[in-house]
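Everything on this sheet refers to the single structure shown next.
Since every read-out is calculated from the coordinates, none of them should be taken as a lab result. In this text, all values refer to a predicted model and were calculated from it rather than measured experimentally. Cβ sites come from the backbone with ideal geometry, for glycine too, and all protein chains shown count toward neighbours.
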Amino acid sequence: MTAEPAIPGNAATARYAAKKEAILAAATTILNRQGVKGMTLADVAAEVGLITTSVTYYYRRKEDLAAACFMRGIDMFNALTLEAAAVSGARAQLARFLELFFDLARRIRLKEAAPIVAFGEMRALKEPLRTEVSDAFNDLFRTIRGFFDDPEFAGLDRNEATARTHLLLEQAFWTVTWLRRYDVEDYPRLRERMFDILCGGLAVGAQPWAPPALPDPNPPEALSDAAHETFLVAATRLINRKGYRGASVEDISAELNVTKGSFYHHNEAKDDLVEACFERTFSVMRNVQLAARELKADQWTRLAAASAALVEYQLSEHGPLLRASAMSALPAELRHETVERYNRVSDRFAGMISDGIAEGSIRAVDPLVAAHMLSSMLNAAASLGVWAPDVERHEAAALFARPLLLGVFTR
């Protein structure tokens with residue numbers, strides 16, 4: 001990473017440090033909204049009341065500033081993780097981690113702490129910064145995976161411990177999308193509900209993991225217009241890998257080995273393509289949910305079937321689904337409708353959970369919190385093929401969905 005400029009003695013003051021923190025906080029907010037590609041030093045400077053050249057005194061290039069935002073976020077999570085790891089026992093460590101994280105979320109909401117960066121955008125960094133930041137994040141990941149070295153998790157193999165680490169981290173990251181619905185006074189209760197679900201899962205009693213198969217969820221147009229479906233699949237994979245702004249028309253065309261002219265024959269613009277990718281994602285999720293409703297089974301079985309089908313879809317030839325992080329870079333008029341449609345998917349899961357609680361097949365959990373956590377798990381499963389490349393499609397749900405639905409302490 002490019003070294004920061006030397007600080008003259010008379011500038012090494014609290015004012016200098018405060019201005020640097022303000023730059024990082026402003027850059028993080030813009031980065032989360034517009035991505036690495038969309039963030040500019042001029043935007044950051046305007047946010048903190050400086051001219052662009054003043055920002056370059058702290059960070060010479062936009063990429064250096066973006067990398068500093070990621071490293072700062074990693075440092076924040078490292079502090080939480082190390083403090084949580086100092087207590088004894090897996091459940092106590094998990095409880096302490098959530099306590100610290102929700103307190104950080106509270107302080108961020110009250111503007112007493114800087115925002116947390118969206119780590120998915122790390123992929124958009126250029127080398128060598130991407131490797132440097134990724135290495136630091138991997139070190140953080142290994143520290144958190146140490147939670148699962150506790151004797152209570154004896155018998156978990158490496159893939160299982162890795163999956164549960166991803167699950168825990170993604171649950172923390174996803175709270176950004178739903179905690180804003182609540183007042184900070186509700187945070188302690190939400191933390192308790194989240195901890196309860198992570199430990200105890202959703203099922204009543206010891207349920208076997210044998211979700212029934214559901215019909216193919218692909219919308220009819222996937223079969224009637226194979227060429228357009230191919231574009232959607234390629235674009236979804238590339239956007240998940242590089243981010244919305246990092247996946248250019250040239251990249252998508254190259255992925256399919258077609259010309260830009262061919263791209264525009266099928267799509268009027270990149271925004272139209274991304275909108276179509278989200279439309280396809282919502283259609284698949286809705287089709288799975290509606291098919292699960294038709295099962296002659298209790299709500300627990302329906303929920304397990306829907307979860308398994310969607311996780312397995314991520315590793316199918318038509319997968320994965322588009323990650324929710326792509327929403328942040330959509331034009332405002334598209335973003336609002338896309339968020340609403342994501343909420344409808346989550347609310348449908350909440351309805352299934354509520355019905356399951358009423359009939360006695362699902363534990364008495366907070367249905368909305370459980371639905372948010374389920375959505376987080378399904379969103380994160382889009383990257384399953386990256387961090388678990390040797391996992392077969394039929395193994396995916398047991399690896400990633402089962403720990404949430406039955407509890408992370410289930411072996």
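Details
- The radius of gyration of the Cα set in segment 221-406, together with its Dmax, comes out at 17.2, 57 angstrom.
- Reciprocal mean inverse distance between Cα atoms of the chain - Kirkwood radius, Å: 22.5
- If you take the Cα centroid of segment 388-411 and the Cα centroid of segment 350-367, the two points sit 22 Å apart.
- Residue pairs, from the table LYS111/LYS242; LYS20/LYS111; LYS19/LYS126; LYS19/LYS111, whose Cα atoms sit over 23 Å apart: LYS111/LYS242; LYS19/LYS126
- In order through segment 358-365: 3J(HN,Hα) via Karplus (6.51 cos²θ - 1.76 cosθ + 1.60), integer Hz, x for Gly, Pro: 5, 8, x, 8, 10, 4, 6, 10
- Spherically averaged projected area in nm², based on the convex hull that wraps the Cα atoms of segment 331-411: 7.1
- Gain in span if fully extended, LYS20 to ASP347, counting 0.36 nm per residue against the direct Cα distance: 113.6 nm
- Cα gyration tensor, segment 76-201 - rounded (a/c under 1.5), prolate or oblate: oblate
- Positive-end extreme of charge dipole, the chain - chosen from TRP178, ALA326, LEU156 (charges on Cβ): TRP178
- Convex hull of alpha carbon positions in segment 9-154: directionally averaged projected area 10.1 nm².
- GNM result for the chain, Cα springs below 10 Å: residue of VAL369, VAL48, VAL274 fluctuating most strongly: VAL48
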